[in-house]
Amino acid sequence: MLHGSIGDVTRALPLAGLLRQGFPKAYLAWSVEPTAYPLLQGNPAIDEIILFDRRHWWKSFLPFLKALRRKRFDTVLDLQRHLKSGVISWSTGASQRIGFHKADSKEGNWLFNNRYIEETGEEISKLDHYLKFATALGIPRAPIRWSFTLTMTEQASIDRHLSQLTGAFAALFVGARWESKQWFPRQMADSAEMLNSVHGLDVVLMGGSDDQSAAREAMRLAKSPLLNLTGMTSLREAVGMIQRAKLAIGPDTGLMHIAAAVGTPVISLFGATDPRRTGPFGFADLVLRGRAACVPCQQRHCPIGRICMQSITTAEIAAKTVLALDRDRTEQIGHAHSR
């Protein structure tokens, strides 16, 4: 079970495949919040998606807990480390509730579970941390795989969105949920100019409706035309678009992890967070870290103007772009692409 962000759910998805391999006859349910719900749709390893409407938690939480308890689960995997997920895990009444080690949990989460994965500390990637749950259940490691299957209708919608492009394109991820992780419209505009003039790539701006203001500013500053699709696609359409991109560039955000999941080389820009913990799977060589005495601060809001993100130059992004474009995507092992 996981109620986390798009990035957290994306990184936890390979665990579902391992659980299905280890327990082929088990009934596997996944509890998730609305934002990340589309990532689970159509996944062959998951029998049921249980939606928790966090937006109206004051009236949905108790009915949600009662509904979980009625399902009489035998085992619960608490893939978050917070009080909320601990309460949910305990409320299921499952005889086996597996959570994070006490030293790695937060807000007393460990009190609500009765089995724990081994202690790892914060230097292990979140993806590898999630896979420790498979180890705890005796399931051997296997190649990391994702399974995103889009419908023909979704593919047709993607075609319409991208019909304005003249050829191969790069995706720029405009925003991030934490203000401290966001890069700047000037950086986007300069990167777009480099991608277009040096590599002949069209550029698509991607993100949610909250990113539209920054996207418009990037378009105003850009010397080359940009296709602005922020707030205009569903999450599942975004998955398909990212898969079609030649490469992607952006901060530590959910779309970055989706890019890694579908095998699109992603140049990730880090400041407030640590790429050892939240970097994209398989693309550590394309990580750029900002420079500041406080990096990584792990703070949602920056009081000093995100100087770490400002320090990342177009020249650095250009050098990583050459590496990204030189990579043979067929060599990305363990990715199950959208169909």
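The values are calculated or read from the model by the stated rules, or taken from the named source; none is laboratory data. Please read all numbers here as calculations on a predicted model, not as lab measurements. Here Cβ is always computed from backbone atoms with ideal geometry, including for glycine, and neighbour counts include all displayed protein chains.
What's the total number of residues in the stretch 36-63 that are within 18 Å of TYR130 (Cβ to Cβ), in contact with a Ser or Thr (Cβ under 8 Å, 6 or more places away or on another chain) and in a helix (DSSP H, G or I)?
Qualifying residue count, the stretch 36-63: 2.
Hey, can you tell me all the residues within the stretch 246-271 that are in contact with a Pro (Cβ under 9 Å, 6 or more places away or on another chain) and in a loop (DSSP other than H, G, I, E, B)? Let's see the steps before the verdict.
Let us first name the residues in the stretch 246-271 that are in contact with a Pro (Cβ under 9 Å, 6 or more places away or on another chain), namely 246-248, 252, 256-257, 259-261, 266, 268-271.
Matches in the stretch 246-271: LYS246, ASP252, GLY271.
Hey, among the residues in the stretch 142-161 that are among the small types (Gly, Ala, Ser) and assigned by TED's automatic domain parsing to the domain that holds GLN243, which one's surrounded by the fewest Cβ atoms within 10 Å (Cβ to Cβ)?
My answer is ALA156.
Filter the stretch 289-339 down to the residues that are part of a loop (DSSP other than H, G, I, E, B) and of a type in the set (Val, Ile, Thr), then identify the one that is modelled with the lowest pLDDT.
Of the residues in the stretch 289-339, the ones part of a loop (DSSP other than H, G, I, E, B) are 290-306, 311-313, 327-328, 332-339.
Then keep just the ones that are of a type in the set (Val, Ile, Thr); that gives 295, 304, 312-313, 333.
Numbers: VAL295: 96, ILE304: 96, ILE312: 98, THR313: 98, ILE333: 39.
Result: ILE333.
Name every residue in the stretch 101-141 that is in a helix (DSSP H, G or I), in contact with a helix residue (DSSP H, G or I) (Cβ under 7 Å, 6 or more places away or on another chain) and surrounded by fewer than 15 Cβ atoms within 10 Å (Cβ to Cβ), in order of residue number.
Filtering the stretch 101-141 down to residues in a helix (DSSP H, G or I) leaves 102-104, 109-112, 126-136.
Now drop any that are not in contact with a helix residue (DSSP H, G or I) (Cβ under 7 Å, 6 or more places away or on another chain), which leaves 102, 109-112, 126-127, 130-131, 133-134.
Once the filter is applied, which keeps residues that are in a helix (DSSP H, G or I), in contact with a helix residue (DSSP H, G or I) (Cβ under 7 Å, 6 or more places away or on another chain) and surrounded by fewer than 15 Cβ atoms within 10 Å (Cβ to Cβ), the stretch 101-141 yields LYS102, LEU111.
Step by step: first the residues of the stretch 88-100, then only those that are buried (at least 16 other Cβ atoms within 10 Å of the Cβ) and not small (Gly, Ala, Ser), then the one that is nearest to the chain's Cα centre (by Cα). Which residue is that?
Step by step, filter the stretch 88-100, then rank; the result is PHE100.
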